[in-house]
Amino acid sequence: MQRTTAEGRGPVRYGPPAPQPGLPVLPELTAVLAAAAWRSAPEPPGGGVPVRSAAARHWGRRGLPTDPDNVAAGPGAPALLLALLGAYGGDVMLPRPCPAWWTPQVRLLGRRAYHVPTPAECGGVPDPYALLETVRRVRAEGGDPRILLLSVADDPTATVPPPELLREACEAAASAGLFVVSDETWRDTVHRPVHRPHDMVVLSPAEMLPDEVAVLLDLSGALLPAGWPAAVVRFPGTPRGTWLRARSLDVLTATGAFVAGPVAGAAAHALDEPAPVAGRAAAAAALHGAVAAAAHRELLAVGALARPPQAGRHLYADLTPLRAGLARQGVGDAMELEDWLGGRLGAPTPGGQRFADEPVALRVRLSTGPLLGATPQERLAALTATDPLELDHVRGSLDRLRSVLAGLSD
């Protein structure tokens with residue numbers, strides 16, 4: 001990540017990367033992509049039948065019966081979200097903090113983005129009372145909020161909203177007349193403890209408001225390598241859902257946002273979750289969970305704050321209790337913390353301002369991918385190790401984090 005310069009470059013180009021797996025590509029997926037390399041044409045707008053049917057089966061296994069005709073595919077979640085927002089119209093309500101790429105999508109369309117604080121327990125969803133009050137105030141001031149964006153497994157906070165909080169947020173959205181877009185990209189990356197594998201329940205707003213929710217799933221990073229862009233969206237099986245899908249396909253067509261043919265084949269294969277794909281996903285979630293928990297312990301040991309990471313490949317740290325030590329290093333806000341900490345750890349540590357958080361708050365997102373090793377061989381060793389925390393290169397990464405943080409303590 002780089003600072004915006006006087007050369008007229010926009011800040012979006014230097015936004016933080018999405019959390020990456022940091023793992024070698026699954027050989028089975030490479031074989032599927034290679035076998036489809038002869039396909040020279042892209043998929044039709046919204047994706048062909050194979051990838052849409054695979055997505056329907058994927059959601060069906062998660063309790064969301066889906067007709068392939070209610071699914072659209074595109075080259076990554078940003079392209080699909082841009083099409084959906086462009087088709088639906090209106091201003092957008094978002095939680096604070098939220099994924100770094102959400103707000104630019106809204107503003108690129110000339111719409112207004114209104115951020116609502118999240119509850120103390122988790123990120124990903126707005127506090128329901130704050131949401132209702134913000135919608136009331138925005139409408140009183142002439143705004144036109146129509147959509148609520150939320151996440152059931154959150155980037156950046158790495159938390160999963162409890163079912164009761166998710167339900168309350170959905171009820172507030174419904175009472176305010178908001179259409180909900182649920183980003184469920186990281187839903188299947190939950191860090192399930194071996195001794196309590198079924199403790200955490202992840203629900204979709206589409207189970208609560210089936211006629212008023214679109215579900216977004218980015219495969220790039222969660223099921224596919226980040227360099228293979230593909231995503232799918234599930235529209236409600238209603239006349240309005242049919243209209244919204246058709247309008248979204250118009251935007252995808254106008255912008256040329258089509259999935260590459262070979263990538264569509266790999267996406268369909270991954271969505272069907274054969275044993276190697278499902279096994280890699282489960283092993284990766286366990287690995288990132290173990291490393292995130294270890295990093296969380298290092299943060300707490302020096303007095304920093306962070307919610308326990310529950311999903312994804314990162315954690316969100318609040319270093320405000322270390323403000324005095326950071327001030328000695330010339331760090332006074334999230335932007336300076338981003339540069340200072342990233343330089344010492346040798347990995348991107350995007351500050352909270354990237355996620356619509358308050359710049360004066362000393363918050364950063366730490367990714368677990370860089371802690372797994374510097375080479376594909378080291379990362380693969382971490383994936384297959386009985387205890388990855390015992391590996392020298394993983395232990396060394398955590399020791400480096402501890403050393404940097406220890407220097408900030410009073």
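The values are calculated or read from the model by the stated rules, or taken from the named source; none is laboratory data. Note that the structure is predicted; figures quoted are calculated from it, not measured. Here the Cβ is made from the backbone with ideal geometry for all residues, glycine too, and neighbour counts use every protein chain on show. These accessible areas exclude ligands, DNA and RNA; they are computed on the full protein's heavy atoms, side chains included. Shrake-Rupley method; radii C 1.70, N 1.55, O 1.52, S 1.80 Å.
With Cβ to Cβ distances under 11 Å as the rule, what net charge do the other residues near Ala264 carry (K, R +1; D, E -1)?
+1
Starting with the highest mean, order 115-127, 361-373 by the number of other Cβ atoms within 10 Å, averaged over the residues of each peptide.
361-373, 115-127
With a probe of 1.4 Å, find how much accessible area the chain has per residue, and write the answer as a whole number in Å².
41
With all distinct Cα pairs included, what does the Kirkwood hydrodynamic radius of the chain come out to in Å, to one decimal, could you say?
Computed over the chain, the radius equals 21.8 Å.
Just the Cα atoms of the stretch 138-186, one point each, no solvent: what log10 I(q)/I(0) does Debye give at q = 0.27, 0.28, 0.30 Å⁻¹?
The Debye formula, applied to the Cα set alone, gives -1.03, -1.06, -1.13.
Given a Förster distance of 25 angstrom, what is the FRET efficiency for Arg112 paired with Ala286, based on the Cβ-Cβ distance and rounded to 0.05?
That gives a FRET efficiency of 0.05.
Jot down the radius of gyration and Dmax of the stretch 295-410, Cα atoms only, both in angstrom.
Radius of gyration, then largest Cα-Cα span, for the stretch 295-410: 14.2, 41 Å.
Probe radius 1.4 Å, ligands and nucleic acids left out: which of Phe179, Phe258 has the largest accessible area, and how do the rest follow?
The ordering from most to least exposed comes out as Phe258, Phe179.
Between the stretch 322-340 and the stretch 90-164, how far is it from one alpha carbon centroid to the other, in angstrom?
28
With all protein chains present and a 1.4 Å probe, how do Asp67, Asp392, Asp218 order by accessible area, largest first?
Heavy-atom accessible area, descending, gives Asp392, Asp67, Asp218.
Sorted from largest down, what three extents in whole angstroms do the Cα atoms of the stretch 84-223 have along their principal axes?
Sorted from largest, the Cα extents of the stretch 84-223 read 52, 30, 27 Å.
Over the chain, with every protein chain in place, what whole percent of the accessible area is carbon and sulfur at 1.4 Å, could you tell me?
Here it works out to 57 percent.
Which FRET efficiency value, to the nearest 0.05, do you get for Asp387 and Ser40 by plugging their Cβ-Cβ distance into 1/(1 + (r/R0)^6) with R0 = 45 Å?
0.45
Please report the Cα spread of the stretch 212-324 along all three principal axes, rounded to whole Å, starting with the longest.
Result, largest extent first: 53, 34, 26 Å.
Students often get this wrong: which residues of the stretch 76-102 have the backbone nitrogen under 20 Å from the point 7 angstrom along Cα-to-C-beta of Arg247?
78-94
I need the peptides 43-54, 133-144 ranked by packing, meaning the mean over residues of other C-beta atoms within 10 angstrom, with the highest value on top.
43-54, 133-144
Largest first and in whole Å, give the semi-axes of the stretch 367-410's equivalent ellipsoid, each being the square root of 5 times a Cα gyration tensor eigenvalue.
23, 10, 7
Between Thr255 and Val138, what FRET efficiency comes out of the Förster formula 1/(1 + (r/R0)^6) with R0 = 35 Å and r the beta carbon distance, rounded to 0.05?
Once rounded, the FRET efficiency stands at 0.80.
Per-residue counts of other Cβ atoms within 10 Å, averaged by peptide: what ranking do you get for 32-41, 303-312, 78-87, 146-155, highest first?
Final packing ranking: 146-155, 78-87, 303-312, 32-41.
Per residue of the stretch 276-291, in order, report the coupling 6.51 cos²θ - 1.76 cosθ + 1.60 (Karplus, θ = phi - 60°) as ³J(HN,Hα) in whole Hz, putting x for Gly and Pro.
Calculated HN-Hα couplings, in order: x, 5, 5, x, 5, 4, 5, 5, 5, 4, 5, 5, 5, x, 5, 6 Hz.
If you take the Cα Rg of the stretch 265-333 and divide it by 2.2 N^0.38 Å, with N the number of residues, what do you get?
So the stretch 265-333 has a normalised radius of gyration of 1.62.
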